[in-house]
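S.K.: Let me give you the structure first, and then I'll get to my questions.
Each reported figure results from applying straightforward, stated rules to the coordinates on display, with no laboratory input. Not measured: the values here are computed from a predicted model. Glycine also receives a Cβ, built like all others from the backbone with ideal geometry; neighbour counts cover every protein chain displayed.
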Amino acid sequence: MKRIVVVKLAPTPEQYVALKSTLELCNAGANMVAQLAHTAADRRPFALQKQVYAQLKACGLSAQPAIRVIKKVGGCVRDPDSEPA
């Protein structure tokens, strides 16, 4: 049996600032990866990871958000000749 639970996030003011800055950094990182992906020959997420991971880390993203950003962008900018997902 599935159970659905509704949860409301109620961060403290300090947590709110941290969450907002992390999301803004992820958004800026996604824009950077997308710009590179549109000019890259190989648009697969792992190929993009090799090219931009160090740059995302240098911008201040930790490992997991950096990988998630690359994976998300890589899934959106597929090579037109590749097989459908």
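S.K.: Give, rounded to the nearest 20 debye, the magnitude of the charge dipole that the chain has about its Cα centre when Lys and Arg contribute +1 at Cβ and Asp and Glu contribute -1 at Cβ.
M.R.: Values: 12 positive and 6 negative charges, 78 e Å.
With Lys and Arg at +1 and Asp and Glu at -1, about 380 debye.
S.K.: Rounded to the nearest 0.05, what FRET efficiency do V7 and A63 have when you use their Cβ-Cβ distance and R0 = 22 Å?
M.R.: So the FRET efficiency works out to roughly 0.30.
S.K.: Jot down the per residue volume, in cubic angstrom and as a whole number, of the convex hull over the alpha-carbon atoms of the chain.
M.R.: Cα convex hull per residue, to the nearest whole number: 133 Å³.
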